[in-house]
């Protein structure tokens, strides 16, 4: 019998990320499962920029829709992480409330840009399969995902912060 290896953190940029932390793609699948569509439909819908509005009606996982939708969504998350990281670096504050506030504001800006400023063809496309509430929860998951890296990194860099140390 092979012993299971403990999960190792993955370093992403300056931050450490555990592969078991949920991301907003998982939030999309969970919310779709709760609302009734296939868990793949929100991710498939994201491929509408190439495959048209019917992409969100595809209920199964396939490379044409799901892989493209996943990659598009992942690149979008990285796109929003870049200004967030720059904003954190400019301030240098590592207080959890500051990190969470900036992550929430970044996710709110992402929503406004992705649903109100870009052409319809470049939106995430989730509105074809998810309620407005679920779309909002997905952006909340983006905010938590953005904040998770710096908060975990902060904790690993200062493991005894707040503890009473005696010499």
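The values are calculated or read from the model by the stated rules, or taken from the named source; none is laboratory data. Source: prediction; values computed, not measured. Note that each Cβ is placed from the backbone with ideal geometry, even for glycine, and that neighbours are counted across all protein chains shown.
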Check your understanding: For region 15-33, does any single residue satisfy the condition of being more than 15 Å from the chain's Cα centre (by Cα), over 16 Å from residue 149 (Cβ atoms) and at pLDDT below 95?
Key -> yes
Check your understanding: When you scan region 45-161 for helices (runs of 4 or more DSSP H) that lie fully inside it, which ones turn up with 3 or more residues that are over 17 Å from residue 24 (Cα atoms) and free of Cβ contacts under 8 Å to residues at least 24 places away in the same chain?
Key -> 68-91, 96-112
Exercise for review: Looking at (1) more than 21 Å from the chain's Cα centre (by Cα); (2) modelled with pLDDT of 95 or more; (3) farther than 17 Å from residue 122 by Cα, find the lone condition where residue 50 falls short.
Suggested key: (3)
